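Below you'll find the structure, written out as structure tokens, and then a few comments.
The values are calculated or read from the model by the stated rules, or taken from the named source; none is laboratory data. Keep in mind that what you see is a predicted model, and the values were worked out from it rather than measured. For neighbour counting, all protein chains shown are included, and Cβ atoms are generated from backbone atoms with ideal geometry for every residue, glycine included. Note: areas computed on protein heavy atoms with side chains; ligands, DNA, RNA excluded. Shrake-Rupley method; radii C 1.70, N 1.55, O 1.52, S 1.80 Å.
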Amino acid sequence: MSPETLSIFSPALAARFDALVSNYPVKRSALVPMLLYAQDEVGYLSDGVIAEIARRLGLTELDVRNVASYYSMLRFKPAGRYNIQVCTNICCMLRGAYELYDRFQEELNIGPHGTTPDGLFSLEEVECIGACSWAPAIQVNYSFHDELTPDLVAGILADYRAQAGVPTDRSSSVGWKAQAERTKEHA
Amino acid sequence: MPRLVSHPDEVKIVSRRFGQGAANIDRYIELGGYESVKKCLAQTPDWIVNEVKASNLRGRGGAGFSTGMKWSFVPKQSPKPKYILVNGDESEPGTCKDHLIFLHDPHAVIEGTIIAGLAVGAKTGFIYLRGEYRYLLEIVEKAVADAYARGFLGKNIFGSGTEFEIVTQTGAGAYEVGEESALMESLEGKRGIPRIKPPFPAVVGLYGGPTVINNAETIATVPHVIATGAAAYAELGTPRNGGTRLFCLSGHIQRPGVYELPMGYNLKKMIYEVGGGIANGNQLKAVVPGGSSTPVLRPEEIDIGMDFDQVGKAGSMLGSGGVVVIDDHTCIVEFALRTIGFYQHESCGWCIPCREGTDWLQKSLTRFHAGFGKAADIDNIQYLAENMLGRTFCPLGDAAAMPTIAFVKKFRKEFEDHLSGKPCPFAREGVPQLTVA
Ligand SMILES: Cc1cc2nc3c(=O)[nH]c(=O)nc-3n(C[C@H](O)[C@H](O)[C@H](O)COP(=O)(O)O)c2cc1C
Ligand code: FES
């Protein structure tokens, strides 16, 4: 147990993990949630994260990696601060998901599964995210945006840039705001 | 926030509290919540099981197995603890109903889980949500904490002397984990690889104990069955198909959304009246009636009642309730390719017919859609898919093969139109050819 591995998680997350392992008849049941929560905090499953989780659960690092590599949301490399996941599965495809995905690539000036040079955005194509009746849908990290059109893309990106405090020359978040208003009406 | 819809033909049972703020425990109680579990606490386990059996409630996860029957398979005496496992992995393309239940009515899931526990003698329930549903997991976690604070969960629920605990769990991205045995593996901290059956989970399940695994909608329906009474609930549907279910209308439909309709509701009416018909004034080409794994129906095949038996008789499946509507501007080869691309991506790789079969189907269809298909390929695709059927470790292989066979059989002409270098007849301006990598 090196001091480095001890300092990987925030005290809050470490406390959460202590509570989590006591939830189940076997400690190991906490593994998948721990990997995801650790990734949420650290950004990806670094060697240090794997080592610390293995130590906490009394598993080998190999065992932890073996499980982690199975799950599509878990990653071994950093993603952008805002990871944009565009569903292109059937229901979204029928309502223009590929056009949407193309527009994200154009606006961000990156290719499929790319990350912007400033590390702010990464882009992925994903399978069905359970928003089929509100297609096409995307997730930005864990937030859903649904009933999208390519014209809303610039506004969505501008809003996230603003949220990150990045100056932007775009004032075109109007489309997105209109969308938000419309969604509110139906909530 | 997903848009809520409504239509006069709806019979709102499971969705009756949607949009009413029922994620708040006080509001849930005000709307009649937690009365059913109290009723059950005053009854015997056998009474609950028989009530659920008599309601003709069938699993909403896809297979449509009788819920009461499933519960009755759990042994009364067990040296190992018994468990309830709620399947909220919701990953079958076309399906987004559990999403709304977790969002609008999480206490119904909790109440249903407790009732299932009382019925089979389990003291612990797990509610597993797919990893992508983090915002919903937070809503469910809050609801569970509130239920504990009221004494509805814990060592002495409702002051009855009975214990029941609920643990929530997140997945981390995997369709296969929705399969019940893979779900248990995932919850045990492993790769989501299916287990061989038998033994069935009702006998040897989670941590080796007898386990009831039900879909989230099935579980959320249980309190309504108890409140309404088995006979009245069964009456709402058709013979052997009790009640209502949430249908997720998507694709080229005028008014997409999740509608709650009686079991047996006519599919044609569902599309043209409830959903407002085909979008953009186009014509209907095909309907996938129950999630992406169910065989496609042609327009002349949709005058059927939507219950497990009638859709089965029509050669498809009611599945998970995802009704995907496809218009006449859509290329079926491309649609088939995107469908198989999903199953190829999600095959866990454990058994060879599924892993290799989905891979070859995807390769063949990619080549085909790109215009490099040969006449013999059409039969080969069908042959390959037919040889996967029933030969895989878990039903994911069937889920990939069944729709593929139907696409080829029912839309053979469209496959032929792609032969020998012909460009896709449906290619859209400015949209690149779909190649699923
Ligand atoms: C590959 C595969 C994926 C599945 N995914 C789900 C799912 O996401 N949600 C679900 O409830 N059932 C899913 N099922 C069905 C489950 O195995 C199981 O039958 C169901 O959860 C039982 O609940 P029910 O009887 O209430 O329908 C899946 C099955 C297979 C073969
Ligand atoms: S197909 Fe895109 S959310 Fe289901």
Of these, B:GLY290, B:GLY341, which one is in the same structural domain as B:GLY257 (by TED's automatic domain parsing) and closer than 22 Å to A:GLY130 by Cβ?
B:GLY290
For the stretch B:77-123, which positions are away from ligand 2 (no atom under 16 Å from the Cβ), open to solvent by 10 Å² or more (accessible area, probe 1.4 Å) and hydroxyl-bearing (Ser, Thr, Tyr)?
B:SER78, B:TYR83
Cross-chain or 6+ apart pairs with Cβ under 7 Å, the stretch B:258-275 first and more than 14 Å from chain A (Cβ to nearest Cβ), then open to solvent by 10 Å² or more (accessible area, probe 1.4 Å) and at pLDDT below 95
none
In this structure, is B:ASP359 open to solvent by 10 Å² or more (accessible area, probe 1.4 Å) and under 30 Å from B:GLY275 (Cβ atoms)?
no
Conditions (1) among the charged types (D, E, K, R); (2) surrounded by fewer than 24 Cβ atoms within 10 Å (Cβ to Cβ); (3) within 13 Å of ligand 1 (Cβ to nearest atom); number of the one not met by B:ARG134:
(3)
Here's a check for you: in the stretch B:151-199, which residue that is without any contact (Cβ under 8 Å) to a residue 24 or more places away in the chain and within 28 Å of B:SER320 (Cβ to Cβ) is surrounded by the fewest Cβ atoms within 10 Å (Cβ to Cβ)?
B:PRO198
Out of everything in the stretch B:379-408 that is touching a Pro at 6+ places or on another chain (Cβ under 7 Å) and within 14 Å of ligand 1 (Cβ to nearest atom), what residue ends up being nearest to the other protein chains (Cβ to nearest Cβ)?
B:PRO403
B:ALA174 fails exactly one of the following numbered conditions: (1) touching a Phe, Trp or Tyr at 6+ places or on another chain (Cβ under 6 Å); (2) near ligand 1 (Cβ under 9 Å from one of its atoms). What is the number of that condition?
(2)
Within the stretch A:135-165, track down each residue that is in contact with a strand residue (DSSP E or B) (Cβ under 7 Å, 6 or more places away or on another chain), among the hydrophobic types (A, V, I, L, M, F, W, C) and within 16 Å of ligand 2 (Cβ to nearest atom).
A:ALA135, A:ALA137, A:ILE138, A:VAL140, A:LEU148
Is it the case, given these coordinates, that B:VAL74 is in a loop (DSSP other than H, G, I, E, B), away from ligand 2 (no atom under 16 Å from the Cβ), buried (at least 24 other Cβ atoms within 10 Å of the Cβ) and in contact (Cβ under 8 Å) with a residue 60 or more places away in the chain?
yes
Among residues belonging to the stretch A:40-74 that are away from every other protein chain (no Cβ under 11 Å) and among the small types (Gly, Ala, Ser), point out the one that is surrounded by the fewest Cβ atoms within 10 Å (Cβ to Cβ).
A:GLY58
By residue number, the members of the stretch A:105-130 that are open to solvent by less than 20 Å² (accessible area, probe 1.4 Å) and not in a loop (DSSP other than H, G, I, E, B) are A:LEU108, A:PHE121, A:SER122, A:LEU123
As an exercise: evaluate A:ILE156 against (1) more than 30 Å from B:GLY290 (Cβ to Cβ); (2) modelled with pLDDT under 95 and give the number of the one condition it does not meet.
(2)
Looking at the stretch B:230-257 only, could you name the residues that are surrounded by 24 or more Cβ atoms within 10 Å (Cβ to Cβ) and within 14 Å of another protein chain (Cβ to nearest Cβ)?
B:LEU246, B:PHE247, B:CYS248, B:LEU249, B:SER250, B:GLY251, B:HIS252, B:ILE253, B:PRO256
Is there any pair with a first residue in the stretch B:219-245 that is over 17 Å from B:PHE308 (Cβ atoms) and a second that is among the basic types (Lys, Arg) whose Cβ atoms are under 6 Å apart and which are 6 or more apart or on different chains, and what are they?
B:ILE226/B:LYS39
Report yes if some residue within the stretch A:89-102 is touching an Asp or Glu at 6+ places or on another chain (Cβ under 9 Å), at pLDDT 95 or above and within 16 Å of ligand 1 (Cβ to nearest atom); otherwise report no.
yes
Selection within the stretch B:294-310 - touching a residue at least 40 places away in the same chain (Cβ under 8 Å), open to solvent by less than 30 Å² (accessible area, probe 1.4 Å) and outside any strand (DSSP E or B)
B:THR294, B:PRO295, B:VAL296, B:ASP307, B:PHE308
Looking for something assigned to a helix (DSSP H, G or I) and facing another protein chain (nearest Cβ under 9 Å) - is there at least one such residue anywhere in the stretch A:138-147?
no
Considering only the stretch B:48-71, state which residues are assigned to a helix (DSSP H, G or I) and in contact with a strand residue (DSSP E or B) (Cβ under 8 Å, 6 or more places away or on another chain).
B:LYS53, B:THR67, B:LYS70, B:TRP71
From the options B:GLU111, B:GLU180, B:GLU92, B:GLU141, residue that is among the charged types (D, E, K, R) and facing chain A (nearest Cβ under 9 Å):
B:GLU92
For the stretch B:345-355 the number of residues that are more than 11 Å from chain A (Cβ to nearest Cβ) and open to solvent by less than 50 Å² (accessible area, probe 1.4 Å) is 4
Could you list, in sequence order, all residues of the stretch B:98-117 that are within 13 Å of B:GLY21 (Cα to Cα) and assigned to a helix (DSSP H, G or I)?
B:LEU100, B:ILE101, B:PHE102, B:LEU103, B:HIS104, B:PRO106, B:HIS107, B:ALA108
On the basis of being part of a helix (DSSP H, G or I) and under 24 Å from the mean Cα position of the chain (by Cα), does B:HIS369 make the cut?
no
Taking the options B:ASN56, B:ASN24, name whichever one is open to solvent by 30 Å² or more (accessible area, probe 1.4 Å), at pLDDT 95 or above, polar (S, T, N, Q) and away from ligand 1 (no atom under 16 Å from the Cβ).
B:ASN24
